[in-house]
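A.B. asks: Submitted below is the structure of interest, expressed as structure tokens.
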Amino acid sequence: MKLRMLAHSRAGDKGNTSNISVIAYDPKDYEHLCHYVTAARVKDHFQGLVQGDVIRYELPKLGALNFVLFDALGGGVTRSLALDAHGKSLSSAMLELEIPDPPARHETISV
Amino acid sequence: MKTIRIGAGAGYSGDRIEPAVELAEQGALHYLVFECLAERTIALAQQAKRQHPESGYDPLLEARLRAVLPACRAKGIKVITNMGAANPEAAVRKAAAIARSLGLAGLKIAAITGDDVLTAVQRGHYRLEETGDLVADLANRIISANAYLGVAPIVAALAAGAELVITGRVADPALFLAPLIHEFGWAMDDWDRLGQGTVVGHLLECAGQITGGYFADPGFKDVANLARLGFPIGEVNEQGDLIVTKVAGSGGQVTSATCKEQLLYEIHDPNAYFQPDVVADFSQVTVEELARDRVRVTGGRGKPKTGALKVSIGYVDGYIGEGQLSYAGAGARARGQLALDIVRERLQLTQVQMHESHFDLIGLNALHGTERITETEPYEVRLRVVGRTTSLAEAIRIGNEVETLYTNGPAGGGGAFKAAREVLAVQSVLLPEALVQPSIQFTEA
């Protein structure tokens, strides 16, 4: 499934660095996201767009991950030639990431 | 326990004005804060000031103050803003004239200056954080250098009775942290309180971005009434505990999800968010929905400040020229691609020197490149050619070459647009805070 089914996201900019949050709609999915939305996967996903390293920070109390993507904004917001110089739309690219379905949860089913 | 209510009246310089009026009239506020300075704004304002010495402050200052000052004065709401940009003194003179014309004589206004550190930066041996180049190498291309000031001059202005505080460059969260320190008497080495106060400022400074703006995604994250989006109110107690809310009946929503998105907005390491007065730690923050549009945010902490201030350096960095043209219907993508190839060849034939360029098809690959594309035949595409040049004349020729596609290019190209502009780029250096001397000037309307 696409990451969009389990998480929401917001992108921010500082100079030539973008940060993109990935926030579980349901905190129960946080561990699943930690397992599959790794810095390496994100770096690979943004191939061609992001030239530099990708660092991941974990925020278990929020059920959220924060990705910092270096050399990601065409030399920086103020000088970039990109249509979206701030990289605001990168959050939507993040949510296109394909991840496995989360494990089925054991819920009581009344018949 | 004493509680202070702070409203955020703007999240950027061009923001909507009515939500600020709504806050002033119905928000039961103690403070109304307007954060209006983006990275590059102050460099642009500095250029304006060089042309006209009484300009260089926010172009919407008059409209905003006219809209909110009557209600703020009547209700005793103090206003704090960085709309002074490159010229807080001129902004204060303007604000005083506005206050008098509104019948608000006697309004105490403070101008905070000292963020302009161009001389200090040029005198020293500083390297740009982003590229490692020496500031001195920018030579006469440098336009501005402004340090992100901390809370101290704002706190002092409030203590002296200012009802309107107009600053230039100040760390955005400091606009909110300052009134908390003034009201609650927090010590300047109470790092955890300063850290939680930074959480307050960080969450509120982008105004509508925490009340449902920059958030909606139909079917996944639905938000009602964004055309009437309400701006946020932060209720803060002496411990720094924050409740984010908004005026009842306004559009948008305050939820755990909106607060989490904004908490991480423009944050790198959540354990170390560098501010002039504290290194804030957001890693242990929790959010809790108390009721509809009432979310409690607690757990911000802090570590001692570094003693260095970030300085934004604005400088002229060449020119950008751009042209656009649209194609639609069957074969739109192929005609757009043909048009791109033609422009590329024309720019070579006519020897336009571009240091860097983009040849995009909007609707296909302009935002995220080609790597992630699954849809390949959009109904319409918009060609976009943009390049960086050394001279304005060359930048103009890029748009011109796109425009000539009208009569020389593929069939059915419509809606040409062209532009050329000087680029004002921004990089940063770190400056020892001892080299920065903020000052306050008081004026009575």
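A.B. asks: Taking θ as phi - 60°, what are the ³J(HN,Hα) couplings along the stretch B:189-199 by the Karplus curve (6.51, -1.76, 1.60), each to the nearest whole Hz, with x for Gly and Pro?
C.D. replies: Values, residue by residue: 10, 8, 4, 5, 5, 5, x, 5, x, 5, 4 Hz.
A.B. asks: What does the C-alpha gyration tensor say about the overall shape of chain A? Classify as rounded when a/c is under 1.5, otherwise prolate if a/b is larger than b/c, or oblate. Walk me through the numbers before you get to the answer.
C.D. replies: Values: a/c = 2.54, a/b = 2.46, b/c = 1.03.
Note, shape of chain A comes out prolate.
A.B. asks: Once you order the gyration tensor axes a ≥ b ≥ c over the Cα atoms, which shape class does the stretch B:314-428 get: rounded for a/c under 1.5, otherwise prolate or oblate by comparing a/b with b/c? Please report the intermediate quantities before stating the final value.
C.D. replies: Values: a/c = 2.35, a/b = 1.46, b/c = 1.61.
Cα axes put the stretch B:314-428 in the oblate bin.
A.B. asks: Okay, next question. Taking the Cα centre as origin and putting +1 on Lys and Arg beta-carbons and -1 on Asp and Glu beta-carbons, what dipole magnitude results for the stretch B:314-428, to the nearest 20 debye? Numbers along the way, then the final one.
C.D. replies: Values: 11 positive and 14 negative charges, 28 e Å.
With only Lys, Arg, Asp and Glu charged at Cβ, the dipole is about 140 debye.
A.B. asks: For B:Leu383, which sequence-distant residues (separation of 5 or more, or a different chain) have an amide H within less than 5 Å of its own amide H, given hydrogens modelled in the peptide plane?
C.D. replies: Counting only residues 5 or more places away or on other chains, the set is B:Leu325, B:Ser326, B:Tyr327, B:Ile362.
A.B. asks: If a/c stays under 1.5 just call it rounded; otherwise compare a/b with b/c (prolate if a/b is bigger, oblate if not). Do that for the protein assembly as shown, with a ≥ b ≥ c from the square roots of the Cα gyration tensor eigenvalues.
C.D. replies: Working: a/c = 1.69, a/b = 1.20, b/c = 1.41.
Oblate shape, in that a/c is at least 1.5 and b/c is the bigger or equal ratio.
A.B. asks: Among B:Ala147, B:Ala162, B:Pro179, whose Cα projects farthest towards the positive end of the dipole of the stretch B:96-239, with charges put on the beta-carbon of Lys, Arg (+1) and Asp, Glu (-1)?
C.D. replies: Farthest towards the positive pole: B:Ala162.
A.B. asks: Report for the protein assembly as shown the percent antiparallel among DSSP-assigned beta bridges with both residues inside it, nearest 5. Don't skip to the answer; put the middle values down first.
C.D. replies: Details: 91 of 108 bridges.
Close to 85 percent.
A.B. asks: Ignoring ligands, DNA and RNA, what percent of the accessible area of the stretch B:314-428 is carbon or sulfur (1.4 Å)? Could you put the intermediate results ahead of the total?
C.D. replies: Details: 2780 of 5510 Å².
The C+S portion of the solvent-accessible surface of the stretch B:314-428 is 50 percent.
A.B. asks: Still on this structure, I have one more. On the first, second and third principal axes, largest extent first, how far apart are the outermost C-alpha atoms of chain B in Å?
C.D. replies: For chain B, the Cα extents along the three principal axes come out at 71, 55, 47 Å.
A.B. asks: Report the label-to-label distance for B:Thr370 and B:Arg228 in nanometres (one decimal), using points 7 Å from each Cα along the Cα→Cβ vector.
C.D. replies: Distance between the two pseudo-spin positions: 4.8 nm.
A.B. asks: Rounded to the nearest Å, what's the spacing between the alpha carbon centres of the stretch B:317-350 and the stretch B:39-116? Just the number, please.
C.D. replies: 44 Å
A.B. asks: Work out the charge dipole of the stretch A:3-94 with +1 on the Cβ of Lys and Arg and -1 on the Cβ of Asp and Glu about the Cα centre, then indicate which of A:Pro27, A:Leu81, A:Gln51 is farthest towards its positive end.
C.D. replies: The residue sitting farthest along the positive end of the dipole is A:Leu81.
A.B. asks: Have a look at B:Ala334, B:Gly415, B:Ser391 and report the one farthest towards the positive end of the charge dipole of the stretch B:314-428, computed about the Cα centre with Cβ charges (Lys/Arg +1, Asp/Glu -1).
C.D. replies: Among B:Ala334, B:Gly415, B:Ser391, the one farthest towards the positive end of the dipole of the stretch B:314-428 is B:Gly415.
A.B. asks: Roughly what angle does helix B:88-101 make with the longest principal axis of chain B, taking Cα atoms, 0 to 90 degrees, to the nearest 10?
C.D. replies: Tilt relative to chain B: about 70 degrees.
A.B. asks: Now, a different point. Where does chain B land at 222 nm, in deg cm²/dmol rounded to the nearest 500, when only DSSP H runs of n ≥ 4 count, each adding -39500 (n - 2.57), divided by all residues?
C.D. replies: -9000 deg cm²/dmol
A.B. asks: Same structure again: Taking the Cα centre as origin and putting +1 on Lys and Arg beta-carbons and -1 on Asp and Glu beta-carbons, what dipole magnitude results for the stretch A:3-94, to the nearest 20 debye?
C.D. replies: Values: 10 positive and 9 negative charges, 30 e Å.
About 140 debye.
A.B. asks: Same structure again: Using only the alpha-carbon atoms, how far is helix B:41-51 inclined from the longest principal axis of chain B? Give it as 0 to 90 degrees, nearest 10.
C.D. replies: The helix B:41-51 is inclined about 80 degrees to chain B.
A.B. asks: Gaussian network model of chain A, Cα springs within a sub-10 Å range: biggest mean-square fluctuation belongs to which of A:Leu90, A:Leu65, A:Leu49?
C.D. replies: Of A:Leu90, A:Leu65, A:Leu49, the Gaussian network model singles out A:Leu49 as fluctuating most.
A.B. asks: So what are the ³J(HN,Hα) numbers for the stretch B:247-253, from phi and the Karplus equation (6.51, -1.76, 1.60; θ = phi - 60°), rounded to whole Hz, Gly and Pro as x?
C.D. replies: Here the 3J(HN,Hα) series is 5, 4, x, 6, x, x, 7 Hz.
The values are calculated or read from the model by the stated rules, or taken from the named source; none is laboratory data. If you're wondering where the values come from, they're calculated on a predicted model, not measured in any experiment. Virtual Cβ from ideal backbone geometry, glycine too; neighbours counted across all protein chains shown. For the accessible areas, the whole protein counts, side chains as well, though only heavy atoms, and no ligand, DNA or RNA atoms are used. Shrake-Rupley method; radii C 1.70, N 1.55, O 1.52, S 1.80 Å.
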